[in-house]
Amino acid sequence: MRRDLRLSDLPPLIAAKESGDEVLICFVVDPRLEKSSGPRRLSFLFDSLRDLDDQLSGRLLVVRGRPDEEIPRLARAIDATSVHVSEDYSPFGRRRDAAVADALGDTPLAAAGSPYLVSPGRITKPDGDPYKVFTPYFTQWRAHGWRKPASSPVPDADVVDPSSITRSGRISVPAAPTELSLAAGERAATQRWRAFVDDDLSGYDSDRDRPDLDVTSRMSAHLKFGNIHPRTMAADLGRSKGAQAYLRELAFRDFYADVLYHWPRSAWHNWNAQFDDIELDSDEAAYQRFDAWKEGRTGFALVDAGMRQLAQTGFMHNRVRMLTASFLVKDLHLPWWWGAQWFLEQLIDGDMASNQHGWQWAAGTGTDAAPYFRVFNPDTQASRFDPDSTYITRWVPEYGTDDYPEPMVDHQAERAEALRRFREI
Ligand SMILES: Cc1cc2nc3c(=O)[nH]c(=O)nc-3n(C[C@H](O)[C@H](O)[C@H](O)COP(=O)(O)OP(=O)(O)OC[C@H]3O[C@@H](n4cnc5c(N)ncnc54)[C@H](O)[C@@H]3O)c2cc1C
C-alpha cells in the first residue's frame, strides 16, 4: 500500500488475489518521506494505517526502511510470486518504484490502477503532445471516461498474518506526531463523502467559492492518501449543476497530475521558462515580509485569515489559497516556491501536483495560468467572498480593533510594481 490506503475499489488487491491464494498487505514507512512530509501529513498517514489495520483485524504489516530493500526482503521471506501496487506517477514515486522493480529481480512488480479518474499520460492531443490548457483537456477527459468502481473484498482468511513471518521487521503503526482537525482513514472518508453528498453537493456550484460557508467537501486529504478512490465518488455524481461542478474539480486534480508527469521539472521551476528572468526579492526585508505572510499579520484581513487557518489546522479554503498565493507573488514580489514550500509543510492535503501547479497558476508561470496582469485585490476578494467577514473574524478575532496591524504594503502601488517587473521581461 502507498497512496491507496483503503480496501474498497482497490485494483492491485484484486490482481494480487488472482495471482496467489494468499495476500500479504504491507506498508513501508520510508524515512525519506518521513523527513519531507510535515507532521500533519504524517499524522494523517499513520491514522489511515491504523484504520486499515483495524479493518484487517491486525493483519497489516508495517515495516520501516527503504522500499527497494524491504519489499524484496519480504517477498523472499514469504516466497511471493508477485508484488502488486497502484501506479504512482509522481517524480519521486516513479524513481522509487523503478528501484523496487529492479531489486525484486525475477519477481514481477505489477501496477494496476492509479489515484486518478484518468491516469497521467492517457490523454493527449491528436498529435500526441500533452495538453497545456485545462478546457480542451477537460473535454477529452470526459470523453475518455473511467471504469466503474472495482469490487475488492478480502476475506480475513486470505490475508497472511504477519506474526507468522519470521523476522518480518514488523513495527507498530507509529503514533501520530500531532492531533488533526480531520479524521483520517477509509471509514472516515466514506462518512465524510456521504455527508457532503447529502448536505452540500447540490449547492456546490454556487457556494464553493465562499470560505465563510464552509461547504466544500474536505475530501482533498482523503484523495491524497487514497482513503477513497475518485471513481467511487464519481459514481455518486449525477447530472445536477452541483455534481458537474464537483466533477470539474476532480478533473483539475487529474490535469495537474498529468502536467507534473510530463514536466517533472515544473515541481520547483517555472513551467513557463519565459518568466525565469523576472526580478524577485530575496534580501533580508523579503524574508521579513515572508514571515509576516506566514504568520498572518499582513494587515490584509482575508489573507491573514487564510494564513492563520493554514497554520492552525493544516487546511485553507481554495479561494483563499488563490488569494494568499497571489499576494505573496504579486504584492510581496517573493518567489512562488517559497510559498509552495510553506504550504507543503503545513497542509494535510499537501500534494506535489495540485500544490505546485496551484502556485504556478497564481504566479502566472504555469499552464492555464492566471494572466500575469490579473492581480487579486485582497479587499475586493473579501467583500465578494466573505461579505459579512464571518470567515475573517473566525480566524482573526482582533480584526477591527487597534490590535490588528495596518496593511504592510500599499496594494495599488505593489500591483503597479508587479506589472512593471512583468513588463521588463
Ligand atoms: C496555491 C494553491 C495550492 C493548492 N495546494 C493543494 C494541495 O497541496 N493539495 C490539494 O489537494 N489541493 C490543493 N489545491 C487545490 C484546492 O485548493 C484544494 O484541493 C481544495 O481547497 C481542497 O478542499 P476540498 O476538498 O474541500 O475541495 P472541494 O472544493 O470539495 O473540491 C473537491 C476535490 O477536487 C480537487 N480539487 C479542487 N480544486 C482543485 C484545484 N484547484 N486543483 C486540483 N484539485 C482540486 C481536490 O481533490 C478536492 O478535494 C491548491 C490550490 C491552490 C490555489
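The values are calculated or read from the model by the stated rules, or taken from the named source; none is laboratory data. As the structure is a prediction and not an experimental result, all values here were calculated from the model. So basically every Cβ, Gly included, is an ideal-geometry build from the backbone, and we count neighbours across all protein chains shown. Quick note on the areas: whole protein, heavy atoms, side chains included, nothing else; ligands and nucleic acids left out. Shrake-Rupley method; radii C 1.70, N 1.55, O 1.52, S 1.80 Å.
Taking Met316 as the residue in question, decide whether it is modelled with pLDDT of 95 or more and either open to solvent by 30 Å² or more (accessible area, probe 1.4 Å) or away from the ligand (no atom under 16 Å from the Cβ) (or both). Show your work before the answer.
Details: modelled with pLDDT of 95 or more: yes; either open to solvent by 30 Å² or more (accessible area, probe 1.4 Å) or away from the ligand (no atom under 16 Å from the Cβ) (or both): no.
So Met316 fails the test.
Considering every residue within region 237-255, establish whether at least one is touching a Ser or Thr at 6+ places or on another chain (Cβ under 7 Å), more than 14 Å from the ligand (Cβ to nearest atom) and more than 27 Å from Trp342 (Cβ to Cβ).
First, pick out the residues of region 237-255 that are touching a Ser or Thr at 6+ places or on another chain (Cβ under 7 Å): 240, 242, 253.
Restricting the remaining residues to those that are more than 14 Å from the ligand (Cβ to nearest atom) gives 240.
Filter once more, keeping what is more than 27 Å from Trp342 (Cβ to Cβ): 240.
Yes, there is a match, as at least one residue in region 237-255 is touching a Ser or Thr at 6+ places or on another chain (Cβ under 7 Å), more than 14 Å from the ligand (Cβ to nearest atom) and more than 27 Å from Trp342 (Cβ to Cβ).
Report whether or not Thr324 is within 21 Å of the chain's Cα centre (by Cα) and not small (Gly, Ala, Ser). Before the answer, list the steps.
Values: within 21 Å of the chain's Cα centre (by Cα): yes; not small (Gly, Ala, Ser): yes.
The answer is yes for Thr324.
State whether the residues of region 193-208 include one that is away from the ligand (no atom under 15 Å from the Cβ) and buried (at least 20 other Cβ atoms within 10 Å of the Cβ). Show your work before the answer.
Initially, region 193-208 is screened for residues away from the ligand (no atom under 15 Å from the Cβ), giving none.
The answer is no; no qualifying residue exists.
What helices (runs of 4 or more DSSP H) completely inside region 191-301 contain at least 2 residues that are small (Gly, Ala, Ser) and more than 23 Å from Thr313 (Cβ to Cβ)?
Numbers: elements: 204-207, 220-224, 230-234, 241-262, 284-295.
Qualifying helices (runs of 4 or more DSSP H): 241-262, 284-295.
Please verify whether Leu280 is within 14 Å of the ligand (Cβ to nearest atom) and open to solvent by 10 Å² or more (accessible area, probe 1.4 Å), treating the condition exactly as stated. It would help to see each step written out before you state the result.
Working: within 14 Å of the ligand (Cβ to nearest atom): no; open to solvent by 10 Å² or more (accessible area, probe 1.4 Å): yes.
It is false that Leu280 is within 14 Å of the ligand (Cβ to nearest atom) and open to solvent by 10 Å² or more (accessible area, probe 1.4 Å).
Every residue in region 54-69 that is crowded, with 19+ Cβ neighbours inside 10 Å, in contact (Cβ under 8 Å) with a residue 40 or more places away in the chain and within 24 Å of the chain's Cα centre (by Cα), please.
Listed by number, the list holds a single entry, Val62.
Would region 177-185 turn up any residue that is touching a strand residue (DSSP E or B) at 6+ places or on another chain (Cβ under 7 Å) and open to solvent by 80 Å² or more (accessible area, probe 1.4 Å)? Spell out the reasoning first.
First, pick out the residues of region 177-185 that are touching a strand residue (DSSP E or B) at 6+ places or on another chain (Cβ under 7 Å): none.
No.
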